[in-house]
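The values are calculated or read from the model by the stated rules, or taken from the named source; none is laboratory data. No experiment lies behind these values; they were computed from the predicted model shown. Because the Cβ atoms are built from the backbone with ideal geometry, glycine has one as well, and the counts that use them run over all protein chains shown.
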Amino acid sequence: MATHHEHDYSATGEVPKPQTKAIWRTFIILVGLTAIEFLFAFTMESSTLRNAIFIILTVFKAFYIVAEFMHLKHETKALIWSILIPLVLVVWLMVALIAEGSYYYDSITNYFK
């Protein structure tokens, strides 16, 4: 886990600095990724490439949101890997099931034609 320090700011008189730079940076990154998604949505024809771009950008946004707002980037590397490796395996499983399901559907529909 990340190191957390208990501070009694009333005793020392210190006030923590506001994190406005980090907030604006996060805002700009998320707005930029969303703007890129809108650019692809309104300029590209509907295709597999456009869908793949959307999926990749959505995964990047999800990882960034988890790192920033759930503070995963401040955790130990072992915890981060213990979350990422099963996630990658689940995504691989979904892709494999979709591919196999498509193959099974095609083989059944072609068999009865």
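Summary table below
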read-out: Pairs with Cβ under 9 Å, 6+ apart, first in the range 81-94 and of a type outside the set (S, T, N, Q), second in a helix (DSSP H, G or I); value: 83/66; 83/72; 84/63; 91/59
read-out: Restricting the range 43-76 to residues that are modelled with pLDDT of 85 or more and basic (Lys, Arg), the residue that is farthest from the chain's Cα centre (by Cα); value: 50
read-out: Qualifying residues in the range 73-99 (those that are β-branched (Val, Ile, Thr) and under 24 Å from residue 30 (Cα atoms)) - the one surrounded by the most Cβ atoms within 10 Å (Cβ to Cβ); value: 80
read-out: Number of positions in the range 17-72 that are surrounded by 10 or more Cβ atoms within 10 Å (Cβ to Cβ) and not in a helix (DSSP H, G or I); value: 4
read-out: Residues (among the acidic types (Asp, Glu) and at pLDDT 70 or above) located in the range 1-42; value: 14, 37
